[in-house]
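Right, one structure below, let's go through it.
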Amino acid sequence: MNAMRKYISVVDGFNHGLGRIAMYGIFVLMGILLWSSYNKTFASPQLWTLEMAQFVMVGYYILGGPYAMQMGANVRMDLFYAELTPRKKAWTDCITVLFLLIYLFILLWGGIESTMYSFKYGGERSPTAWRPYMWPVKVTMCIGISLMLLQAVSELFKDILFLKSGEDTRNAL
Amino acid sequence: MPYELIAILMFSTMMLMLLTGQRVFGAIGFVAVIAALFLWGDRGGYDIGFSAAIKLMRWYPLLTLPMFIFMGYVLSESKIADDLYKMFHVFMGGVRGGLAIGTIGLMVLISAMNGLSVAGMAIGATIALPELLKRNYDKLMVTGVIQAGSSLGILVPPSVVLVLYAMIARQPVGQLWLAGAIPGLMMATMFIIYIAIRCRINPELGPALPPEERDVGWPEKLRLLRAGLLPVVIFAVMMVPFVNGWTSLVESSAIGAIAAFLAAILKGRMTRQVFETSVRQTLAITCMFMWIILAALAFGAVFDGLGAVKAIENLFTEQWGLNPWVILILMQLSFLIMGTFLDDTAMLVIVAPLYVPLVGALGFDLVWYGVLYTITCQIAYMTPPFGYNLFLMRAMAPPEITITDIYRSIIPFVGVMILALAVVMLFPQIALWLPNYVYGK
Amino acid sequence: QEPIRWRFQTYAGAALGEEVTKPAIDAINAACQGQLEIELFYADQIVPTGELFQALQRGTIDGVHSDDDSMASPTPVRSFGGYFPLATKHALDVPVLFNQYGLADIWREEYAKVGVHWLSAAGQDPCNFNTVNPIRSLSDLDGLKLYTFPTAGRFLSQFGVVPVNIPYEDAEVAVQTGELDGMAWSGITEDYTVGWADVTNYFCTNNISGAWIGSFFVNAEKWAELPDHLKQIVSSAIEASHTYRNQWYWGGEARLRASGEKLELTSVPQDEWKQVEDAAVKFWDEMAEEGETAAKIVQIFRDYNDVTSKAGPPYTFG
Ligand SMILES: NC(=[NH2+])NCCC[C@H](N)C(=O)O
Ligand code: NA
Ligand code: NA
């Protein structure tokens, strides 16, 4: 039980902090796009802006994902769910979170393979004229997906704690 | 196992999984990756989930998503839409149901500034709703007004849904946006007529404001009228460079977001609190969308791999030998039904690739179909059990509005929307006249 | 007996794939009488182009039709597939280069090293420009955002072109959303076939390469498992499809230039275009430095171009 509490506080704390940083990525994104419009209109269009914006967007939603999960942003279809008592909700979540874990795990599996590939053959480069290496964005994705996995486990632990001792750690943050 | 059977199995499993109330992206993603493993697991197959992430990264129009969301939150949180609302309040308040009618007007203006319905929902629920309730407007009606009105955000240009549709149907975005304009205004008018009639029959629903509340004097009236300039300015800052080809769509959305941000600062409304909420909520909502699309793309790839496209086409045309219009109506019906359960982007990614080529092959205009599709999405946004506007409404509505209220409130408006859908189906010119006129087809 | 099933993804979107890939697949399926069934998927349908090659190595996808450049092949032949600047003049140059000058051996070897069986290459259309605004001189290229191939893009960027790479099927809409000013991707047949002629107005007749070099690939294990008689069918059907494609392009290019109504033809004067040709000579030298294989390939291109320029028209333009 204590291990679970510890886990929750470490994982949630970390993801919270990271998400708080990632959320400012929106301004980075705006900056890049503004810079791109400025150059297009008044100077010469830039090679890298669109692709860089895409990379930032990936960082934004993948690294921000766990924090969004903490905020309860991931919608559910709650036709029946909404009517359940908190305990029943926790029970269902304990089971259904396994599907989420499996999905994230297989997503990560593919991600790791693809990332390993990006280091092979002298380093995979994006098929654009800018030709950035692909590993930084892929590594970022793997990290984000792993953190998402950890966060999902943390959600599971919270439900277990709630069912066992009635303590509600879910809105701790 | 025959592929059709697997496809049906996948779809029904996903629906069942959704009913458990788990996170939508988890349910869709799980079915997708498991199906991929089951089908292709002898070699590879586990990479489909992740390749979807790369696809998603390269799908550049999605960059507009956080921009429009941020813009929506800035507009609503900073309450710069307050004056806009007061404008309608003063000018329309005297009519029975006038405030509700004014709210629709407000929603149209906000729709012209934004490509999603989040902004309209947020503004409607936080600014308009409390006011309307205070004036004794019927809570069922006004809850419906806000949900329906805000959904115009995806039909009145600019529209993110139409951009995504454009990418999948490979139709010109400019024409699609223009095609949405008149149906959008038409639908707004239909809402207004509905409200006016209801309030005429039953004045209780929307009592007229007493004159002393509206009589603010002409200087104030003019000041309020000026508030109407804000959306015009933001719309222009965003659309003029885009239409002239100076900036791309994605860049324009960033400019729009920055414009809204600056407007809030200039008006002295960008407090720490507003800033914090806008930035945080933008992350939350963007993540919600992106993770769903991520999962749906994987699902779509497997679905595609099963040849579901050919199967459906074959079923409709060869096996059932249906007439094109019957097929079209069946498709819209199935979209409507799926829309109650599914996220609209998921619907777009999973089902549109099946339907759109078929619609084209049947000889229908794909720009027009884009408008039909968007209206269906509007309906999907507000029909339970799954709808973004429903969720937002629940999150933001004051406590006296219960879930049942929210569910019941949409019924008449869905009726109006289906009517609008039928009208646009019967008279394609409503959608096509403007783009044909401008692009001179 | 259970049929062998392959998932096959082509570089082309559905409209183009109908002409360039589907005939081969249909022929194979028909001739194999149910022993081998290939399911064809179009651009980015199952996996995005960027992940295509590794998917092929793993076997998530069993076969691929693409050029080496745009599928980001991890081999040293990568930059030479697709449109290597100014390397060829006509589609027939490609099979000659591969079968008489030795490119086929290089390709086969390089792909064998990475677990992929290379089947066959063919030439397709030239790489011209179709754009919203006309290109009449080199200065019109300056600042132009073009959808083009990675290597061609690198080459063109010295003339101010800003190469943009997005998913194939998104290119048409990208012109309308202002992400692109046009394409340097194909000849005119393709512009009309896939709908690009509807969103652009001009076609510049100067090309940066006379024929696209594209290949058919199969996952090596999958190939090894295939009985010999089916191997024969696959190879023959692919060879036969080259012939169909050649006619389709060659006839279409002439007809649409002469009588197509959607794109107005423009040209950069030959003496000005000479700068591009000279730049290509330098570019080749640079590419040859990339390694032994690259040097060998560039030498083959040089040898062949030497021969054709001595031979004169129709091998050269005049
Ligand atoms: N990998 C690609 N997307 N290649 C595109 C090739 C275009 C070329 N014009 C053709 O023959 O079809
Ligand atoms: Na809009
Ligand atoms: Na719905």
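Among beta bridges from DSSP that stay inside the protein assembly as shown, the antiparallel ones total about 55%. Within the listed set A:84, A:63, A:29, the Gaussian network model of chain A (springs between alpha-carbon atoms below 10 Å) gives the highest mean-square fluctuation for A:84.
When the C-alpha to C-alpha distance is required to be over 20 Å, the pairs from A:120/C:231; A:88/A:158; A:138/B:55; A:40/C:145 that qualify are A:120/C:231. On the beta carbon distance between residue A:84 and residue B:13, with R0 = 25 Å, the FRET formula returns roughly 0.70.
Per residue, the average separation of C-alpha pairs within less than 8 Å and at least 6 apart gives the stretch B:1-92 a relative contact order of 14 percent. Spin-label model, residue C:289/residue C:105: points 7 Å from Cα along the beta carbon direction are separated by 2.9 nm.
Helical content alone sets the calculated 222 nm signal of the protein assembly as shown at -20500 deg cm²/dmol, taking -39,500 (n - 2.57) per DSSP H segment of four or more residues and averaging over every residue. On a per residue basis, chain C carries 36 Å² of accessible surface, using protein heavy atoms and a 1.4 Å probe. Between residue C:231 and residue C:136, the contour length at 0.36 nm per residue exceeds the alpha carbon distance by 29.4 nm.
Largest GNM mean-square fluctuation among B:160, B:243, B:118, using chain B with Cα springs under 10 Å: B:243.
Along the Cα-to-Cβ line of residue A:16, 7 Å from the Cα, sits a label point; which residues in the stretch A:45-78 have backbone N less than 20 Å from it? What the label zone holds, given the 20 Å backbone N cut-off, is A:63-74. Looking at the stretch B:263-324, the trypsin sites (Lys or Arg not before Pro) that sit in a DSSP loop and have at most 14 other Cβ atoms within 10 Å of their own Cβ are B:267.
Legend: residues B:199, A:94, sorted from most to least accessible area (1.4 Å probe; ligands, DNA and RNA excluded), read A:94, B:199. The figure for residue B:316 is an accessible area of roughly 20 square angstrom, using a 1.4 Å probe on the protein chains alone. Summed over both chains, the area buried between C and A is near 1600 Å², taken from the accessible surface of protein heavy atoms with a 1.4 Å probe. Buried between C and B is an accessible area of approximately 2600 Å², summed over both sides with a 1.4 Å probe. For chain B, which DSSP H helices look membrane-span-like by this rule: Cα extent along the axis of 30 Å or more and mean Kyte-Doolittle of at least 0.5? For chain B, where a helix must reach 30 Å along its axis and average at least 0.5, the hits are B:173-201, B:272-305. Counting only residues at least eight positions apart within a chain, or on another chain, the aspartates and glutamates with an alpha carbon under 17 Å from that of residue B:310 are B:4, B:318, C:18, C:26, C:37, C:39.
Among B:325, B:166, B:110, flag the residue with its Cα farthest along the positive direction of the charge dipole of chain B, charges on Cβ as +1 for Lys/Arg and -1 for Asp/Glu. Result: B:110.
Legend: residues A:165, B:159, sorted from most to least accessible area (1.4 Å probe; ligands, DNA and RNA excluded), read A:165, B:159. When the solvent-accessible area of the protein assembly as shown is split by element, carbon and sulfur atoms take up 62 percent of it, the probe being 1.4 Å. The modelled label-to-label distance for the pair residue B:226/residue C:221, using points 7 Å beyond Cα in the direction of Cβ, is 7.3 nm.
Mind listing which trypsin sites (Lys or Arg not before Pro) in the stretch C:101-187 are in a DSSP loop and have 16 or fewer other Cβ atoms within 10 Å? Those that pass, being in a loop and sparsely packed, are C:136.
Highest mobility in the GNM of chain B, judged by mean-square fluctuation with C-alpha springs under 10 Å and restricted to B:123, B:406, B:168, is found for B:168. Rolling a 1.4 Å probe over the protein heavy atoms leaves residue A:50 with an accessible area of roughly 30 Å². A Förster radius of 60 Å combined with the Cβ-Cβ distance from residue B:216 to residue A:43 puts the calculated FRET efficiency at roughly 0.80.
Label sites at residue C:282 and residue B:202, each approximated as a point 7 angstrom past Cα along Cα to Cβ, lie 8.0 nm apart. On the basis of the beta-carbon distance and an R0 of 45 Å, residue A:167 and residue A:119 show a calculated FRET efficiency of 0.50.
Rounded to the nearest 20 debye, the dipole magnitude of chain B is 720 debye, with +1 charges on Lys and Arg beta carbons, -1 on Asp and Glu beta carbons, and the Cα centre as origin.
The residues of the stretch A:2-165 expose on average 41 square angstrom of accessible surface per residue, using a 1.4 Å probe on protein heavy atoms. Relative contact order of chain B: 26 percent, from C-alpha pairs under 8 Å at least 6 residues apart in sequence. The C-alpha radius of gyration of the protein assembly as shown, expressed as a fraction of 2.2 N^0.38 Å, stands at 0.97. In the stretch B:224-267, what residues drop by 40 Å² or more of accessible area when the other protein chains are put back, versus the chain on its own? Use 1.4 Å, and skip ligands and nucleic acids. At a threshold of 40 Å² (probe 1.4 Å), the residues of the stretch B:224-267 that become less exposed are B:246, B:248, B:251, B:258. Residue B:5 contributes about 90 Å² of solvent-accessible surface, heavy atoms of the protein only, 1.4 Å probe. Sorting B:376, A:41 by solvent-accessible area of protein heavy atoms yields A:41, B:376, largest first, with a 1.4 Å probe.
The relative contact order of the stretch C:23-172 comes to 20 percent, based on Cα pairs under 8 Å that sit 6 or more residues apart.
The values are calculated or read from the model by the stated rules, or taken from the named source; none is laboratory data. Quantities reported herein were computed from a predicted structural model and do not represent experimental measurements. Don't worry about glycine lacking a Cβ; one is built from the backbone with ideal geometry, like all the others, and counts go over all protein chains shown. Accessible surface areas use protein heavy atoms only, side chains included; no ligands, DNA or RNA. Shrake-Rupley method; radii C 1.70, N 1.55, O 1.52, S 1.80 Å.
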